[in-house]
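**Q** This is the structure I want to talk about, given as structure tokens.
The values are calculated or read from the model by the stated rules, or taken from the named source; none is laboratory data. None of the values given here were measured: they were computed from a predicted structure. Note that we place each Cβ from the backbone using ideal geometry, even for glycine, and neighbour counts take in every protein chain shown. Protein only, heavy atoms only, side chains kept; ligands, DNA and RNA dropped before computing areas. Shrake-Rupley method; radii C 1.70, N 1.55, O 1.52, S 1.80 Å.
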Amino acid sequence: MKFTKRIDKIPPYPFAILDQKKQEAIERGQDVISLGIGDPDLPTPQKIIDTLCKEAANPANHQYPSYEGMPVFRETAAEWMKNRFGVEADPKSEIISLIGSKEGIAHIYPAFVQLGDISLVPAPAYPVYNVATILADGTPYVMPLKRRSGFLPDFDIISTEVLKKARIMFINYPNNPTGAVASLEFFEKAVKFACDNDIILCHDAAYTELTFDDYEAPSILEVDGAKDVAVEFHSMSKTFCMTGWRVGFVVGNKDIIAGLSRVKTNIDSGLFQAIQYAAITAMNDVVDEQLEIRSIFQQRRDILVDGLKSLGWDVDLPKATFYLWAPVPTDETSVEFCSRVIKETGVLITPGVGFGEEGEGFFRICFTQSVERIEEAVGRLSKMKL
Ligand SMILES: *Cc1c(COP(=O)(O)O)cnc(C)c1O
């Protein structure tokens, strides 16, 4: 079968080798501890499930939903933004529902990027920014995230040649895969940079609610003037352990949202209303359960970080997300190291290079397993020869 050039340009699935190693380990009868996938193991809070069940039974919810989300969903998202960040947004023009934030992230590119355009993408990163650029016939320009700069991009090193063609930029804090966070001052810099260079600024905010200790993640829309250039993608997935439900929203500049909406209306037909009602329950009514989710991940983080430190590994304590991103403790490549880890211990972790070449030399561990399993994993890692 002949695929299009743009499909052929998509980099090969980076985790394929590891999948194979995992399969081999299972076949050897090894007890595999999977710390590879960024998917919470905890169930969705019961209240959210109850709302879904009730609303799924209502025939009014069985027809096509509105493309942009029900007014009550958008109003609830607006209230949530106001209560959480002090950000005002018009539910009618500045918010639409998404079938998971990944869907919105991917579909914004065909609205604003075409052949000859550049898109600024961080690396290491969530792969969608890069791939969706390629699918829109744009050219990704990599903004490297370095540990010494707190995994924040340096806008000053981007040439005017690149800036002339740059149409859109993505950033993501708290960050996957590095666990890094950004201050409001950094967001101010990003907004100014986007304004000065006439670039659409997109902030992927999937992890703003998965924060630890006293840290509170800001919204980029808290910056004065952000709404002139920016939109922010929110997701219920990580916040409420709802990855399977596929629900999120985008908020911010109304023209950017109108562009995304034009793509979406022609491709999808909105979000099942029963899921929208369930998300409303999540935003309005799941405060204690959400705090509980955070505290469970915080405890796991502490055990993992303390454990790896006691082995002499060079790890930082992440203030948010369920990811630990750390340098490979040997002189192997990240794929060699992670392949040996699964072979010798049955612990599955992700090679950094899977998030772009800039991730080489690092690995990612997700603390999406129970404390017992994390302790078991650390115990096994302690027996590895480095
Ligand atoms: C998980 C994740 C998302 C996507 O979440 P959805 O389930 O599509 O809402 C978006 N961005 C990053 C960085 C993620 O890790």
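**Q** Take TYR215 and decide whether it is away from the ligand (no atom under 16 Å from the Cβ), touching an Asp or Glu at 6+ places or on another chain (Cβ under 6 Å) and over 25 Å from ILE158 (Cβ atoms).
**A** For TYR215, the condition - away from the ligand (no atom under 16 Å from the Cβ), touching an Asp or Glu at 6+ places or on another chain (Cβ under 6 Å) and over 25 Å from ILE158 (Cβ atoms) - is not met.
**Q** Report, by residue number, each residue of segment 212-226 that is outside any loop (DSSP other than H, G, I, E, B) and within 17 Å of TRP80 (Cα to Cα).
**A** Across segment 212-226, the qualifying residues are ILE220, LEU221, GLU222.
**Q** Would you check which residues across segment 50-96 are touching a Pro at 6+ places or on another chain (Cβ under 8 Å) and open to solvent by less than 60 Å² (accessible area, probe 1.4 Å) and list them?
**A** Within segment 50-96, ARG74, ALA77, ALA78, PHE85, PRO91 meet the criteria.
**Q** In segment 121-134, what residues are within 16 Å of the ligand (Cβ to nearest atom), of a type outside the set (Gly, Ala, Ser) and not in a loop (DSSP other than H, G, I, E, B)?
**A** The answer is VAL121, PRO122, VAL128, TYR129, ASN130, VAL131, THR133.
**Q** Another question, then. Looking only at segment 259-284, which residues are in contact with a Ser or Thr (Cβ under 8 Å, 6 or more places away or on another chain) and open to solvent by 50 Å² or more (accessible area, probe 1.4 Å)?
**A** Selection gives TYR277, ASN284.
**Q** Within segment 234-331, which helices (runs of 4 or more DSSP H) (wholly inside it) include 1 or more residues that are assigned by TED's automatic domain parsing to the domain that holds LYS102 and closer than 19 Å to LYS92 by Cα?
**A** The qualifying helices (runs of 4 or more DSSP H) are 254-267, 273-285.
**Q** Scan (1) open to solvent by 10 Å² or more (accessible area, probe 1.4 Å); (2) under 18 Å from the mean Cα position of the chain (by Cα) for the single condition THR321 breaks and write down its number.
**A** (1)
**Q** Could you give me the residue pairs with C-beta distances under 6 Å whose first residue belongs to segment 363-386 and is over 20 Å from LEU210 (Cβ atoms), whose second residue is open to solvent by 70 Å² or more (accessible area, probe 1.4 Å) wherever it lies, and which are 6+ apart or on separate chains?
**A** So the pair list comes out as MET384/GLU344.
**Q** Which numbered condition trips up GLU103, out of (1) part of a helix (DSSP H, G or I); (2) over 20 Å from ASN284 (Cα atoms); (3) touching a Leu at 6+ places or on another chain (Cβ under 9 Å)?
**A** Failed condition: (3).
**Q** Determine, yes or no, whether THR330 is polar (S, T, N, Q), away from the ligand (no atom under 16 Å from the Cβ), under 24 Å from TRP80 (Cβ atoms) and open to solvent by 10 Å² or more (accessible area, probe 1.4 Å).
**A** So THR330 fails the test.
**Q** Is there any pair with a first residue in segment 53-73 that is touching a residue at least 60 places away in the same chain (Cβ under 8 Å) and a second that is open to solvent by 60 Å² or more (accessible area, probe 1.4 Å) whose Cβ atoms are under 6 Å apart and which are 6 or more apart or on different chains, and what are they?
**A** Between residues of segment 53-73 that are touching a residue at least 60 places away in the same chain (Cβ under 8 Å) and residues that are open to solvent by 60 Å² or more (accessible area, probe 1.4 Å), the close pairs are GLU55/TYR277.
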